[in-house]
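Chemist: Here it is, the structure, as C-alpha cells.
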Amino acid sequence: MTHVDQRNAQVPRPLTVWGGGYVGLSTAMHYAANGIACVVRDTSERRIDEINSAQLRQPRFEEWTGIPLDPLIESGVLRAIAAGSPIPQTSAHIVAVPTESDGVPDTTIVEDVIDRVARTKPWLCLVESTLTPGTCKRLCASYPEMALAVAPRRDWFLGDDKTLETLPRVFAGEGQIAHERASALIGRVSRDLRPAATCEVAELTKCIENSLHHVIAMYCTQLARAYPDESVAEALDLAASHWRIKTKYFASAGTGGYCVPVATSYLRAGSEQSDVLSIGTAALAFESDQRKYIAGLLSDSCEGVIGILGLTYRGDVPSAALSPFMDIATLLANAGRVVLAHDPYVAAPSNGNHSVRAMGFPAGLARCETIFVGAAHRIYRDIPTSVLLSHLRPDALILDNEGAWARHRDEFLRAGVRYARIGEPLPMRADDPIE
C-alpha cells in the first residue's frame, strides 16, 4: 500500500467525529489543535453541553491530551452537535462509539453510524472503535462504494507519554483509495504510522494486545491464589527485572473498562474456530471467579461493616464499565453484608433491599472493620498518613488492590492496623490462634 505525503493531502472539512467520550473527544481535540475544524456528534445532550461549554466531568482530561479545550470551543474550530443532525455530503468521518454491551461485543451502534454515513458518499469513514476481526470486511461488502478504514486506538489516558500523537498507529483501509486517505488523515495528528496489510490484521492487532494483557494479568492473579502464604506481589516485581519481561504485572481483583476484559470475547466472536482459544476462555472464566473470591475473602475477614473505596474500574477514570470493584460491592451486599462505599466519580450500586450505602471519606472509615481499596483515585493516594490513621479503627484490616496505601505500610504496622496488597499474605489478628 502507498503511504502518501500527509502535508499535501486535502482532508475535507469539517471533520465529523462520532462519539464524544474519551476516544472521540480526544480525537477531535487533536485534529482541531492541528487546524482541522471538527464537529463531534453524540447522543447525550448532557455530553454535548459539557463539550460546548468546555466543562468536562473527566478529571485531568486536558492534562492527558496536552490540549486545552476552551480555546478550541471559543475559536469555533471544535463544537458538539446531536448525533441525529443532518450529515454533510462527501465529508471525512471518524467513528469512536461503543462496540460492546455488558462485556459482550456488540456492533449495533457502529453499524448504525456507518449506515448513515454511507448514504452521504463520504471521502473516508475511519473506525477508531475496537472491532471484532472481520467486521470491516463485512461492512465493505454491504457498502462497496464507501471508502472504509480502521485504526483502533491504543493510547493510555493515564500516561502523559502514551498519546494519540506519540504512539504507533496501526491502520488499514479496504482498498487502495481508503488506505491512502486513512494514511493522510491519521498522519495529521500521529507521527508514527504502522500500516497493516488488511483491515482484519489491524482489527486483530488491537484485540490481541488487550487479550495478551488480560491473560497474563489473570495468570498473575492465579499465582497469588496458588501461593496465599507467600508474597507473590514481590515475586512479580522481581520477575519484571528480567530483560525479557520488563512489564510489571500484579495480582488484582480483576480487570475492567471497555478494552482489556472484553478483548478475548472479540477474538472468539471473530473466529470460526473459537474453541481453540481455550487459554483466553479460561482467563475470562477466572476473571468472573476472582471477583467472587475477593468478595468471599472480605466477607470472611470480619462480621462487621465492610468499606470499599473506589468503584470505577481505574483510578481517576470516571467510568465503572465492567468494574470488578462495583461487582464486589454488589456481591457483598447481595450476601447480606453491610457495605459502605465511596467514590468521587460514580454512585454506589443499588439493587432493591441489598443496596450499598454511600460513605463519606475519610470520616466513614471509622465505621469499617475491613476496608478494600479498589480504584486508586488520587484522593486516596494523597491522603496524609496522620489523617488516615485518625479515622481508622484499631486492628482494622485493609486489603489494597494495587498499592494505593502501600507507602503507609510501616505506620499501619506500628498502629496495629493490618495491611496487605492482593498477592500478599493476609495478616492475622493479634488474638488469632497460631497452629
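Chemist: So how much accessible area does Ser44 have, in Å² to the nearest 10, using a 1.4 Å probe?
Modeler: 40 Å²
Chemist: What ranking of Ile245, Ile87, Ile216, Ile398 comes out by heavy-atom accessible area, probe 1.4 Å, highest first?
Modeler: On the way: Ile245 85, Ile87 35, Ile216 65, Ile398 0 Å².
If we order Ile245, Ile87, Ile216, Ile398 from most to least accessible, we get Ile245, Ile216, Ile87, Ile398.
Chemist: Please list the non-local residues whose amide H lies under 5 Å from the amide H of Val17, H modeled 1.01 Å from N, same-chain partners needing a gap of 5 or more.
Modeler: The answer is Val39, Val40, Arg41, Ile94.
Chemist: Would you mind working out the accessible area per residue for segment 269-351, using a 1.4 Å probe, and quoting it in Å²?
Modeler: Working: 3490 Å² over 83 residues.
Here the per-residue accessible area is 42 Å².
Chemist: So if each residue of separation counts as 0.36 nm, and I subtract the Cα-Cα distance between Val338 and Ser288, what length gain in nm does that give? Let's see the in-between values first.
Modeler: On the way: separation 50, 0.36 × 50 = 18.00 nm, distance 2.23 nm.
Working it through step by step, the gained length comes to 15.8 nm.
Chemist: Then there is this: If eta is 0.692 mPa s and T is 37 °C, what Stokes-Einstein diffusion coefficient results for the chain, Kirkwood Rh from Cα pairs, in µm²/s? Don't skip to the end; give the middle numbers.
Modeler: On the way: Rh = 23.4 Å.
Estimated diffusion coefficient is 140 µm²/s.
Chemist: Within the chain, what percent of beta bridges assigned by DSSP are antiparallel, to the nearest 5? It would help to have the intermediate numbers written out before the result.
Modeler: Working: 4 of 44 bridges.
About 10 percent, rounded to the nearest 5.
Chemist: With all protein chains present and a 1.4 Å probe, how do Arg47, Arg194, Arg421, Arg409 order by accessible area, largest first? Display every interim value, and only then the final one.
Modeler: Numbers: Arg47 20, Arg194 115, Arg421 40, Arg409 85 Å².
Result of the area sort, largest leading: Arg194, Arg409, Arg421, Arg47.
Chemist: Starting from segment 248-337, pick out the GluC sites (Glu not before Pro) whose DSSP state is loop and whose Cβ has at most 16 other Cβ atoms within 10 Å.
Modeler: Details: sites: Glu272, Glu287, Glu303; in loops: Glu272, Glu303.
Counting only loop positions with at most 16 other Cβ atoms within 10 Å, the GluC sites (Glu not before Pro) in segment 248-337 are Glu272, Glu303.
Chemist: Would you please name the chymotrypsin sites (Phe, Trp or Tyr not before Pro) within segment 153-250 that are DSSP coil residues with at most 13 other C-beta atoms within 10 Å of their C-beta?
Modeler: Working: sites: Trp156, Phe157, Phe171, Tyr219, Trp243, Tyr249, Phe250; in loops: Trp156, Phe157, Trp243, Tyr249, Phe250.
Within segment 153-250, the qualifying chymotrypsin sites (Phe, Trp or Tyr not before Pro) (loop, at most 13 other Cβ atoms within 10 Å) are Trp156, Trp243.
Chemist: Sorted by accessible area (1.4 Å probe), largest first, how do His408, His354 line up?
Modeler: Largest to smallest exposure gives the sequence His354, His408.
Chemist: What residues qualify as long-range amide H neighbours of Ile371, i.e. H under 5 Å apart, gap of 5 or more or another chain, H built at 1.01 Å from N?
Modeler: Gly307, Leu397, Ile398, Leu399
Chemist: Another question, then. Per 10 Å bin, what is the whole-percent P(r) computed from every C-alpha pair distance within segment 272-403?
Modeler: That works out to 13, 43, 30, 10, 4, 1, in percent per bin.
Chemist: Hey, how many Å between the Cα centroid of segment 73-99 and the Cα centroid of segment 268-310?
Modeler: Cα centroid of segment 73-99 versus Cα centroid of segment 268-310: 38 Å apart.
Chemist: Averaging sequence separations of C-alpha pairs under 8 Å and six or more residues apart, then dividing by the length of the chain, give the relative contact order as a whole percent. Walk me through the numbers on the way to the answer.
Modeler: On the way: 870 pairs, mean separation 50.4, N = 435.
RCO, the chain: 12 percent.
Chemist: Turning to a different aspect of this structure: Shape of segment 202-251 from its Cα gyration tensor (a ≥ b ≥ c, root eigenvalues): rounded if a/c is under 1.5, otherwise prolate when a/b > b/c, or oblate? If you can, show how the numbers build up before the last one.
Modeler: Working: a/c = 4.45, a/b = 1.72, b/c = 2.59.
Verdict is oblate for segment 202-251.
Chemist: Which far-off residues, 5 or more places away or on another chain, put their amide H under 5 Å from the one on Ala172, with H placed in the peptide plane?
Modeler: Excluding prolines and chain starts, which carry no amide H, the hits are Val150, Ala196.
Chemist: Is segment 1-140 rounded, prolate or oblate when judged by the Cα gyration tensor, a ≥ b ≥ c being the square roots of its eigenvalues, rounded requiring a/c under 1.5 and prolate requiring a/b larger than b/c?
Modeler: Details: a/c = 1.56, a/b = 1.18, b/c = 1.32.
In terms of gyration-tensor shape, oblate.
Chemist: All other residues with a Cβ under 11 Å from the Cβ of Gly134 taken together, and with Lys, Arg as +1 and Asp, Glu as -1, what is their net charge?
Modeler: -1
Chemist: Run the lone-cysteine check on the chain: no other Cys C-beta under 4.7 Å from the residue's C-beta.
Modeler: Result for the chain is Cys38, Cys125, Cys140, Cys207, Cys220, Cys259, Cys302, Cys368, no neighbouring Cys Cβ within the cutoff.
Chemist: Based on DSSP H assignment, which helices of the chain show an axial Cα extent of at least 30 Å together with a mean Kyte-Doolittle hydropathy greater than or equal to 0.0?
Modeler: Details: long enough: 199-226 (40 Å, 0.34); 278-301 (34 Å, 0.08).
The qualifying helices are 199-226, 278-301.
Chemist: Please say if segment 190-294 is rounded, prolate or oblate, where rounded means a/c under 1.5 for a ≥ b ≥ c the square roots of the C-alpha gyration tensor eigenvalues, and otherwise the choice is prolate for a/b larger than b/c and oblate otherwise?
Modeler: Details: a/c = 2.48, a/b = 1.44, b/c = 1.72.
Oblate, since a/c reaches 1.5 and b/c is not below a/b.
The values are calculated or read from the model by the stated rules, or taken from the named source; none is laboratory data. Everything numeric here is computed off the predicted structure, so don't read it as measured data. Heads up, the Cβs are rebuilt from the backbone with ideal geometry, glycines too, and the neighbour counts pull from every protein chain shown. Calculation scope for accessible area: heavy atoms of the full protein, side chains included, ligands and nucleic acids excluded. Shrake-Rupley method; radii C 1.70, N 1.55, O 1.52, S 1.80 Å.
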